[in-house]
Structure formats: structure tokens, C-alpha cells
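To keep things clear, I will list the structure first and then write my remarks on it.
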Amino acid sequence: MNQASRFGFRQRGADNDVSSADLLRECGRRLTDAALWQEFQERFHKQLTIYVMRTIWKLNAKGNADLICDLVQDVYLRLLQNNGRVMSGFRGETDFSVLAFLGRTAMGVVSDYYRARQAGKRQTAEIVSIDQARHQEERSNTAEELDVTSILSWIDVQRLVESEPDRRNATRNVLIFKLHYIEGLTVREISQYPGFDLTESAIEIILKNLRAQLKKRMGR
Amino acid sequence: MNSQRETGNGECLTEDLISEYLEGALTPVLKAACEVHLIACDRCRENLATVMRLLREDVDPEEETELQRAAAQWERRNLQAVPTRRPTEVWKRVSYAFVGVAAIFVMALLFRGFFFMGQPTAEDIVQALLEKNRPFDAQMSRQPYVAIARTRSSESGPQFELLAEEMTKRAADAYRLGRFYLIEGNYTKAIEQLLTAAEDPNAPPEVHNDLGVGYLQRYGEGDLERARREFESALNKNKGFPPAIFNLSILYERNGMSADAEQHWKRYLELDSDSGWAQEVRKKVSRKDSEK
């Protein structure tokens with residue numbers, strides 16, 4: 001079932017390497033094992049830094065290298081909390097699940113930092129929550145060709161699904177359509193995820209077909 | 001992120017479910033159910049998009065630049081993921097190492113000729129320190145290879161003060177003093193001494209290389225450019241001077257200039273294929289290859 005490696009998410013553990021999930025659990029169990037942690041840092045430090053950085057930017061905040069380093073350290077500290085229980089109790093098995101777990105942890109740390117900072121300033125009116133940031137970002141996304149956001153708000157999604165010629169994948173295709181036009185994800189970003197199991201060109205075709213369907217319904 | 005809650009469209013997706021959906025790890029039935037929900041539930045779809053943006057593999061150039069800056073800062077601040085040993089143990093080890101070095105010199109003074117076949121020179125002290133401990137990633141001239149230890153090991157302390165006195169007693173010249181301060185981690189003092197040494201138009205490449213290391217480590221405003229100039233000066237005097245090539249690769253790496261860094265790794269390996277330094281370079285090359 002796992003297709004992560006096919007889509008570029010590096011899959012460890014195929015040869016003699018310990019798998020990422022096992023490494024995570026072992027690090028949680030052996031908090032002072034230098035060699036294990038060195039391996040952890042080599043595999044995940046860069047990713048953690050990227051996740052911290054992206055979350056900072058998503059919150060429309062400015063983060064310099066110093067702040068990024070501080071927050072990455074905070075992520076490590078959070079992983080170590082309660083004697084590393086969150087790591088040793090990790091239940092995933094795949095590399096992707098480990099990355100998703102680290103991504104969520106990084107996002108939590110950065111969000112908490114900005115929340116605490118805003119609370120410290122006692123300027124609650126200026127707090128930018130993740131939801132607010134998301135909506136700001138949403139507003140700034142420009143739809144291609146059609147003002148699809150407003151059109152979709154009129155159209156019964158169910159009908160769009162029903163009109164999709166590819167019946168078997170109708171819901172997936174409509175979801176892709178919404179991810180692209182409403183959430184602003186690029187075709188490339190969508191194609192990176194094994195859950196969609198599609199190449200960039202296949203996604204382009206889906207979007208083209210659904211656009212044509214919409215135009216037809218709008219009588220254009 | 002999202003928590004479980006009931007809506008008119010069914011139960012919202014948990015974080016784990018979102019991850020599993022993206023990973024393609026759900027059964028067809030569960031996958032379809034998730035899709036039905038994601039089409040209708042704006043909040044869950046927004047969460048899905050947030051996770052997709054966060055985890056995407058592509059790193060754009062702006063991110064890459066910031067990433068390099070953060071990596072350099074991490075290195076400069078000597079940060080580490082977690083204490084790899086209990087702090088007291090680390091400090092004990094570091095202290096014992098320096099006490100050990102100091103003791104060797106005291107013994108050497110008492111039993112001249114036995115340890116060093118004569119009075120230990122200032123360079124002997126520098127070399128003994130370098131053999132015990134690697135102060136940073138960069139390579140000083142004539143530095144024996146020691147694997148980098150992710151512990152703070154370049155802190156000043158009474159042992160260094162003791163050794164500094166020994167250096168002065170041995171009439172260490174500006175170059176040796178500069179090297180000594182580099183190992184101690186006092187980069188401004190090191191640069192001061194090494195600049196004096198580099199004033200000599202006949203200063204060998206070793207001086208320029210070590211001065212470059214001082215700038216690279218101090219990492220203040222304009223220091224990277226100064227470091228680059230010094231490494232280039234070293235190479236102008238000896239175009240096959242491995243430490244300068246090694247250090248240029250680190251400098252380019254920190255600047256986010258991966259292609260230049262890789263070019264210098266290759267150049268380094270042409271000059272040095274067997275040492276520990278070469279193995280370290282090879283490790284970097286293979287890590288870079290696996291990231292591509």
C-alpha cells in the first residue's frame with residue numbers, strides 16, 4: 001500500500017539501515033545515545049529546519065536564522081519531553097508518517113511560540129492565529145482563468161461529482177480541483193503525494209476536464 | 001491542527017488520517033470516505049493543504065538560502081540536537097582533556113628531552129591541542145584529522161590561560177599565537193595576530209588559510225568575503241593547498257552555493273584521497289547525491 005518511495009519521499013530501512021520509524025522510537029528510548037542521535041540529526045535536522053521555517057512564513061512572521069535555530073532546538077526539546085515518550089510511543093511505520101509527525105511537532109512549536117509572544121505583549125487584537133493566516137493566504141491566492149471560488153459556492157458539489165466522467169475517481173478529482181483552485185496548491189505540489197497517485201500531466205487533464213464541465217454548466 | 005469534531009459532513013479527519021490519506025495508506029473505502037468529507041469540509045481541506053505545503057519535498061531557492069543561513073548559524077552557535085551525554089560528563093571530559101594536555105607540558109618541562117627531545121615549542125603546543133580536539137569544521141594548516149565532536153569543546157578556561165602563558169614564555173610568534181587563539185575560540189584575537197603575520201609579503205599559504213578560518217568562524221559582517229579572499233590568497237601562493245580548498249567548500253556551503261561547494265569537494269579529493277578529511281568530504285558528497 002505504501003507508495004511513498006515512488007513519489008520521492010525517501011524510504012529508509014530497505015537495506016541495512018534502521019527504518020526512520022524505528023530510529024525515532026529508539027531515540028525516544030535512548031535519549032543519551034550519541035550515535036543514535038547523530039543519525040537522527042543527519043536524517044531529520046534539515047527537514048525540521050524546513051518545517052520550522054515554512055510555519056514561520058505561513059504565519060506571516062519574519063524569522064531570522066537565529067530564531068529558526070532557537071525554534072528547531074525547541075522542537076528537539078518537545079520531542080524529549082516526558083523522557084521522550086512522544087517518540088518512543090510513536091506508532092507509525094513509514095518514512096512519510098515520521099515526516100508528518102515531525103512536521104506537526106514543528107508546526108505546534110512555532111505556533112505556540114508566536115501565541116506566547118503575542119500573549120506576552122498583551123495585544124490580543126494583533127494575534128495571528130493559524131486560521132487567520134490561512135485565510136489571509138487564501139485571499140491572496142489568485143485563481144486561474146475562472147473565479148472558481150465564487151462559482152463553486154453556487155454550484156452543488158454533488159452535481160459536479162456526478163458530472164465527472166471518471167465515476168470511479170470522481171470525489172478524488174473534485175478534491176484535487178478544490179485543492180488547486182481554492183487552496184491554491186500547484187499541480188506539482190499535488191502530484192508529490194502518493195495518496196493521489198497521479199502524475200502532473202494526469203492532474204492537468206483532470207483540471208481541464210472539470211473546468212470544461214463547469215463552463216458547460218455556466219452556459220459558456 | 002484539526003481535532004476530531006462532528007459536522008454535518010461526518011466526523012472530521014484526524015491528523016493521522018490526513019497523513020495516511022496523503023501517504024496513500026488507506027483502504028479504498030476509507031479513502032473514498034475521506035474524499036467525500038474533504039470536498040465538503042472547508043476546514044479539513046484547509047488542514048490537508050497546510051500539511052501538503054509543509055511536507056512538500058521541493059525546496060525553493062528562497063527556502064534554500066534561508067536554510068543555509070540557519071545551518072551556518074546552527075554550526076556557529078555550536079548547537080546540538082540533544083545533550084549526547086550528561087552535561088557534567090561532557091564538561092568533565094573536556095576539563096580532563098585540557099588538564100591532560102597541560103600536565104603533559106608541565107611534565108615535558110620537568111623532564112626535558114624525554115617527551116619532546118627538547119623544549120616544546122609553541123607549535124608543539126598548538127599541534128598537541130589539535131591532536132586532542134577538533135575545534136570546528138574548518139581545516140587549519142597542518143591540522144591532523146580528528147572527527148568532529150558535537151560537544152562544546154572550544155570554551156576558554158583556566159587550562160587555556162595556563163597554556164597561553166606557556167605560549168608567551170616560548171616566544172610564540174604572531175602566527176602561532178593566532179593559531180592558539182583560533183583553537184581557543186577567541187576569533188577576534190586570533191584574527192588580530194594572524195593579520196600581523198599576513199602583513200609579511202612572503203607569508204606562506206598556511207598563514208592566509210588560518211586567517212581565513214578565523215574570519216569563517218567569527219562570521220561577522222563581511223567576514224565570509226574576507227575569508228574567501230584569504231583562502232584565495234593561500235591558493236595564489238600554492239594552488240594545490242588542500243586546507244584552503246577544503247575551507248572554500250565549507251564557505252560556499254554556508255553561502256548556499258552548492259555547485260561551487262561540490263566543485264571544491266571534488267578538487268579536494270583529487271589532492272587528498274586517503275586522509276580522514278577526504279573521508280569526511282566523501283561523506284558530504286554522498287549525502288548530497290542522495291538528496292538529489
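Kindly identify the stretch B:6-56 as rounded, prolate or oblate by the Cα gyration tensor criterion: order the square roots of the eigenvalues as a ≥ b ≥ c, call it rounded if a/c is under 1.5, otherwise compare a/b with b/c, prolate if a/b is larger, else oblate. Intermediate results must be reported in sequence, preceding the final value.
Values: a/c = 2.04, a/b = 1.16, b/c = 1.76.
Verdict is oblate for the stretch B:6-56.
For the stretch B:41-59 and the stretch A:173-220, compute the distance between their C-alpha centroids and round to whole Å.
Cα centroid to Cα centroid, the span is 15 Å.
If you add up the charges near A:Arg188, with Lys and Arg at +1 and Asp and Glu at -1, over every other residue whose beta carbon is less than 9 angstrom from its beta carbon, what do you get?
Around A:Arg188, the charge tally is -2.
How shielded is A:168-179 by partner chains, expressed as the average number of their Cβ atoms within 10 Å of its Cβ atoms?
On the way: counts 2, 2, 4, 10, 6, 2, 4, 10, 1, 1, 7, 7.
Going residue by residue through A:168-179 and averaging, the value is 5.
Within the set A:Lys178/A:Lys208; A:Lys178/A:Lys215; B:Lys237/B:Lys288; B:Lys132/B:Lys169; B:Lys239/B:Lys266, which residue pairs have Cα atoms separated by over 19 Å?
Working: A:Lys178/A:Lys208 13 Å; A:Lys178/A:Lys215 16 Å; B:Lys237/B:Lys288 31 Å; B:Lys132/B:Lys169 22 Å; B:Lys239/B:Lys266 15 Å.
Flagged as over cut-off: B:Lys237/B:Lys288; B:Lys132/B:Lys169.
In terms of Cα to Cα distance under 28 Å, which lysines are near enough to A:Lys62, apart from those fewer than 8 places away along the same chain?
Candidates past the 8-residue exclusion: A:Lys46, A:Lys121.
Just counting partner chain Cβ atoms within 10 Å, what average do the residues of peptide B:32-39 show around their Cβ? Working shown, then result.
On the way: counts 5, 1, 4, 10, 7, 2, 6, 13.
Mean number of neighbouring Cβ atoms from other chains: 6.
FYI, it's all coordinate maths here, none of it is from the lab. Given the structure is predicted, the values throughout are model-derived calculations rather than measurements. No Cβ is skipped: glycine too gets one built from the backbone with ideal geometry, and neighbour counts run over all protein chains shown.
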